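Please treat every number below as a calculation from the coordinates, not as lab data. Since we're looking at a predicted model, the values are computed, not measured. Ideal geometry is used to build each Cβ from the backbone, glycine not excepted, and the neighbour counts take in all protein chains shown.
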Amino acid sequence: TPRVFSGVQPTGNLHLGNYLGAIRKFVALQESHDCIYCVVDLHSITVQLVHDDLRGQTRSITAAFLAAGIDPKQHIVFNQSRVPGHAELAWVFNCVARIGWMNRMTQFKEKAGKDRENASLGLLAYPSLMAADILLYRATHVPVGDDQKQHLELTRDIAAKFNNDFSDKIAAAGVGQPIQMGDETVNGYFPITEPLIEGPATRVMSLKDGSKKMSKSDPSDLSRINLTDDADAISRKIRKARTDPDALPSEVDGLTGRPEADNLIGIYAALAERSKAEILAEFGGRQFSEFKPAMAELAVEKLAPVSGEMRRLLAAPDHIDAVLKDGGERAGAIAAATMNDVKDIIGLLRD
Ligand code: TYM
């Protein structure tokens, strides 16, 4: 059966990019898939080990999942560090993946900066832990924003190398399954995961610079709309968003070379759950001074219920904590079965 896994780091404020690029897609996939959604607290200690309020941030992401409409009874919501299999399988993958694969990751290069020798070893191995997150549940589909594409390719490479290196052992342990690898079907253990990166908001850009991704770490708060912003803040940020002086085009082609216009139209389309072409058919020829108030109204209409519900859940976090505990137990059972298979495949002695 198709199984979805995705994760969100509990560092910094969730913004519109996280919501449109990831969380809202998590919600939609619940209809058709078994879903596991994880607050990846172990990933968030790779850049900086000590955070002011990691527990609070973990609860806050969980609140966003629930407020957005994820059903933790039907599906699984938990925080990564509760399930020891993530770290265990990541270790095995550290021995499958090559240092060169990790060195090529653009996110590592960006986050490590100039002084790469001084980055944590955990930051280098970050994608190996991410592959472990996904493959611990043998997930087949992973909804993410465009910035995670390279990490998901690496996850596929790790699964393929594991299946290939251990093909005899997988057969001997009797735990193989048919795995689609390109055109052929082989007997393997880990699926070759499909990334789900679709729609008008896979890469939401900064409101201040159409060439930069909207990000939790941008020092300017005006660059992003946070999920917890109130109506005034949302309207002000959209009003101040950078644009060019021209009127909006009537067709999608007309957005080429106009990154700020493209970004705002993409955000509007994603919020309205319509295509960019439909939005331009409506607003083509009009000025940003007309478009921006309409966009602000739509953003407030869509985001206010989510932030309101988040606040309500966070005011008494017992429910959140209970969800994470229950989700951790259910995820842990799946993870334990995988770890037993993996130990049998690679020949680690166990009871
Ligand atoms: P993170 O926490 O940085 O972001 C969470 C999700 O939000 C997406 N996203 C965006 N989408 C569109 N536009 C943007 N500007 C934007 N910024 C962020 C991200 O692509 C992501 O889907 N490594 C991951 C977390 C992770 C994970 C996993 C994801 C750990 N293990 C396993 C999937 C499967 C990360 O740092 O996401």
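Approximating the spin labels as points 7 Å out from Cα along Cα→Cβ, the T185-to-R203 distance works out to 3.6 nm. The calculated 222 nm mean residue ellipticity attributable to helices in the chain amounts to -15500 deg cm²/dmol, summing -39500 (n - 2.57) over DSSP H runs of n ≥ 4 and dividing by all residues. All other residues whose Cβ lies under 15 angstrom from that of P10 are scored, Lys and Arg at +1 and Asp and Glu at -1, for a net of -1.
Near V77, once Lys and Arg are set to +1 and Asp and Glu to -1 for all other residues with Cβ below 10 Å from its Cβ, the sum equals 0. Between E273 and I346, the simple label model (points 7 Å from Cα in the Cβ direction) yields a spacing of 4.3 nm. What whole number of Å gives the distance from the Cα centroid of the range 16-65 to the Cα centroid of the range 97-141? First find each Cα centre; the distance between them is then 18 Å.
Charging the Cβ of each Asp and Glu at -1 and of each Lys and Arg at +1, and nothing else, the dipole of the range 98-209 about its Cα centre rounds to 320 debye. Which shape class applies to the chain: rounded if a/c is under 1.5, otherwise prolate when a/b exceeds b/c and oblate if not, where a ≥ b ≥ c are the square roots of the Cα gyration tensor eigenvalues? It comes out prolate by the Cα gyration axes.
Peptides 264-273, 319-328, 72-81 ranked from most to least packed give 264-273, 72-81, 319-328, packing being the mean of other C-beta atoms within 10 angstrom over each peptide's residues. Computing FRET efficiency as 1/(1 + (r/R0)^6) for H319 and L49, where r is the C-beta to C-beta distance and R0 is 41 Å, gives about 0.90.
Among the listed pairs K25/K213; K109/K343; K149/K216, a Cα-Cα separation exceeding 24 Å is found for K109/K343. What you get for the range 221-314, charging only the Cβ of Lys and Arg (+1) and of Asp and Glu (-1), is a dipole of about 340 debye around the Cα centre.
Taken along the Cα-to-beta-carbon direction at a fixed 7 Å, the label points for A337 and K161 span 2.8 nm.
Note on C95/E301: beta-carbon distance plugged into 1/(1 + (r/R0)^6) with R0 of 45 Å gives a FRET efficiency of 0.35.
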